[in-house]
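Here's the structure, in structure tokens; my notes come after.
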Amino acid sequence: MRTALLLVSLLFGSVAQAEIAAEATGVRPILPGTAAPDVALRDHQGTPMSMHKALDGKPTLLVFYRGGWCPYCIMQLSTLHKLVPDLESHGFQLIAVSPDRPEELTRTLDKTELDYLLLSDSKAELMQAFGIAFKVDDETIEKYKGYNIDLEKASGQSHHALPVPSVFVIDAAGVVQFGYSNPDYRTRVPERIVRAAVEAVEAGETGKSVR
């Protein structure tokens, strides 16, 4: 039986190995207390932007989603949109990252009302550095094609890697202070936990778990 990997903590730890897991349940998310990795990304216009440049010294809610083709992801992105005013009142910015190439990000923006930054990690380097990348098996790839979902077309790459849907809270110093990852793509972090994590980081509270 699949064992869900659920990381909901504000505990300090070490860096997870940068690798692409063989399956979603095998990922090893980066642990709180480590600096956010700096990887080259692109915005929806194709403009290069490093992770550190995107963070820009601001406390950040960083979200990894599978792609604009995923209805669960679109639902999550829309829900997060409603949180933006509250996040901004706490001095936080919101950034969402997926393996979609810039053109796909533009399509996502066109069909939603998002007012925060979407970034393309088409080479799967950031999700790998965060320890949440896994390789989609051949059977699932073929199954997706039956639903007109082409992972290679979406990313422009042949790595067949996706991120386990994850949320990280990063402080102004660029240090990860909270992480939530769940291999079951249908389960996303509850809003109350996001709010609690943001408020805890804002207050400078670390070393505590959020329930």
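The values are calculated or read from the model by the stated rules, or taken from the named source; none is laboratory data. Bear in mind that the values here come from a model prediction, so they are computed numbers and not experimental data. Positions of Cβ are generated from backbone atoms using ideal geometry, with glycine treated the same way; all protein chains shown enter the neighbour counts.
Tabulated data
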quantity	calculated
1 or more residues farther than 19 Å from GLY68 by Cα and touching a Gly at 6+ places or on another chain (Cβ under 6 Å): qualifying strands (runs of 3 or more DSSP E) within the stretch 127-211	166-170
In the stretch 148-168, the residues that are under 29 Å from LEU83 (Cβ atoms) and either free of Cβ contacts under 8 Å to residues at least 24 places away in the same chain or in contact with a Pro (Cβ under 9 Å, 6 or more places away or on another chain) (or both)	LEU151, ALA154, SER155, ALA161, LEU162, PRO163, VAL164, PRO165, SER166, PHE168
Filtered residues of the stretch 173-211 (kept if over 18 Å from the mean Cα position of the chain (by Cα) and at pLDDT 95 or above)	ALA173
Failed item, numbered, when MET75 is tested on (1) surrounded by 14 or more Cβ atoms within 10 Å (Cβ to Cβ); (2) out of contact with any Asp or Glu (no Cβ under 9 Å at 6 or more places or on another chain); (3) part of a helix (DSSP H, G or I); (4) not small (Gly, Ala, Ser)	(1)
Members of the stretch 80-118 found to be part of a helix (DSSP H, G or I) and among the acidic types (Asp, Glu), listed by number	ASP86, GLU88, GLU103, GLU104, ASP110
Residue satisfying all of: in the stretch 60-72; among the aromatic types (Phe, Trp, Tyr) and assigned to a loop (DSSP other than H, G, I, E, B); surrounded by the fewest Cβ atoms within 10 Å (Cβ to Cβ) among these	TRP69
Residue within the stretch 37-47 that is within 22 Å of ILE193 (Cα to Cα), at pLDDT 90 or above, in contact with a strand residue (DSSP E or B) (Cβ under 6 Å, 6 or more places away or on another chain) and assigned to a loop (DSSP other than H, G, I, E, B) present	no
Qualifying position, being of a type outside the set (Val, Ile, Thr), in contact with a helix residue (DSSP H, G or I) (Cβ under 8 Å, 6 or more places away or on another chain) and surrounded by fewer than 14 Cβ atoms within 10 Å (Cβ to Cβ), among ASP121, ASP115, ASP110, ASP100	ASP115
Every residue from the stretch 82-117 that is farther than 22 Å from LEU162 by Cβ, in contact (Cβ under 8 Å) with a residue 24 or more places away in the chain and not small (Gly, Ala, Ser)	LEU83, VAL84, ASP86, LEU87, HIS90, PHE92, GLN93, GLU113, ASP115
